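The values are calculated or read from the model by the stated rules, or taken from the named source; none is laboratory data. This one's a predicted model, so the numbers in the text were calculated from it and none came from an experiment. Cβ placement follows ideal geometry from the backbone for every residue including glycine, while neighbour counts extend to all protein chains displayed.
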Amino acid sequence: MSLKTSILGGIRAGIYRTVSPSLGKNFRGISPVSAFYSTTSQPQQYDSFEQRNTEKALFSRKTFLMDYYKHLNDSNDIVLFVHHNNVAKADNKKVRSDLKKAGAQLNVIRNSIYNVYLKSEHESDPAAAGVTNKNRGVKHPLSPLLNGPTAVITIPKCEPSVVNDVLKVIKNAQDKLILIGARVESSVFDVVEINKFKDLPNKEQLQAQLAGLLTILGGAGLVRTLETASSVLYLTMEQRLKDLDPSEKSEEESS
């Protein structure tokens, strides 16, 4: 191997690891939608990045995109799918800036490669040799969305308020961006469900509301119990069991 080839390979390997932290020696992490499948594959082990046995050439554009799409899906709780239509350069810059302020990111995707990725997303390495052919017949619930010019808007955390802000950006873009569906954690949503989801409180707010409701209804003791350390909770429950079952208590005293 020439020095030039070695240096180039090292640079490309570094780019791949930056784009997808799950790549390298181990391939871990399964996208949430993989709950759709009944089987999962064990992570493949590699002594070095360049030993990956991929369907296409290791440093090809297709392998890069497969890895990048895996990274996007593994590192974001919410992925919104939109059709983009005649977005001028100036408009594109503004939309991306507004989405970034809202806590999201826009990525234009290649439908054919993204669809190949979706069919194999439950695999530890969707780009591995033989995987595409193995999953050729898989029907993924998101595949019907991949028609025409498509982009994904990714949101790291499952925050309805962020979705609400993103939908405002999409609305302001008028017909240049059209919402068509979404993946929210392990669920696939249509447009109606997304619009309902955006008005929901986040998990922390729901927990606070539940705690407040329990307190109002006289459940302050229960709230404190739920906040207690597990070891203390166990001892409390054990003592309560003895109080309810005197025979158990008498057996301990006789022993």
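Assess whether Arg110 counts as being loosely packed, with under 14 Cβ neighbours inside 10 Å and in contact (Cβ under 8 Å) with a residue 12 or more places away in the chain.
Criteria not met by Arg110.
Here is a check on your reading of the model: is Lys89 among the charged types (D, E, K, R) and modelled with pLDDT of 70 or more?
In short, yes.
Does any residue of region 85-103 turn out to be touching a Ser or Thr at 6+ places or on another chain (Cβ under 9 Å) and crowded, with 17+ Cβ neighbours inside 10 Å?
no
Any residue at all in region 74-81 that's modelled with pLDDT of 95 or more, more than 19 Å from Glu159 (Cβ to Cβ) and of a type outside the set (S, T, N, Q)?
No, there is no match, as no residue in region 74-81 is modelled with pLDDT of 95 or more, more than 19 Å from Glu159 (Cβ to Cβ) and of a type outside the set (S, T, N, Q).
Evaluate region 135-157: report whether one residue or more is of a type outside the set (Asp, Glu), farther than 23 Å from Lys198 by Cα and within 15 Å of the chain's Cα centre (by Cα).
no
Among the candidates Arg17, Arg28, which residue alone is in contact with a Gly (Cβ under 7 Å, 6 or more places away or on another chain) and either assigned by TED's automatic domain parsing to the domain that holds Arg183 or modelled with pLDDT of 50 or more (or both)?
Only one candidate qualifies: Arg17.
Would you say Lys134 is at pLDDT 95 or above, surrounded by fewer than 19 Cβ atoms within 10 Å (Cβ to Cβ), out of contact with any helix residue (DSSP H, G or I) (no Cβ under 6 Å at 6 or more places or on another chain) and over 30 Å from Gln174 (Cα atoms)? First the steps, then the outcome.
Numbers: at pLDDT 95 or above: yes; surrounded by fewer than 19 Cβ atoms within 10 Å (Cβ to Cβ): yes; out of contact with any helix residue (DSSP H, G or I) (no Cβ under 6 Å at 6 or more places or on another chain): yes; over 30 Å from Gln174 (Cα atoms): yes.
Yes; evaluated as a whole, the condition is true for this residue.
Of the residues Lys176, Lys157, Lys171, Lys203, which single one is without any contact (Cβ under 8 Å) to a residue 12 or more places away in the chain and of a type in the set (Lys, Arg)?
Lys171 is the lone residue from the list that is without any contact (Cβ under 8 Å) to a residue 12 or more places away in the chain and of a type in the set (Lys, Arg).
Considering each of Ser97, Ser112 in turn, give the residue that is in a helix (DSSP H, G or I) and within 21 Å of Lys198 (Cα to Cα).
Ser97 is the lone residue from the list that is in a helix (DSSP H, G or I) and within 21 Å of Lys198 (Cα to Cα).
Please verify whether Val82 is more than 23 Å from the chain's Cα centre (by Cα) and surrounded by 18 or more Cβ atoms within 10 Å (Cβ to Cβ), treating the condition exactly as stated. Give the derivation first.
Working: more than 23 Å from the chain's Cα centre (by Cα): no; surrounded by 18 or more Cβ atoms within 10 Å (Cβ to Cβ): yes.
No.
Among the numbered conditions (1) assigned to a helix (DSSP H, G or I); (2) in contact (Cβ under 8 Å) with a residue 24 or more places away in the chain, tell me where Pro141 comes up short.
(1) is the only condition that Pro141 fails.
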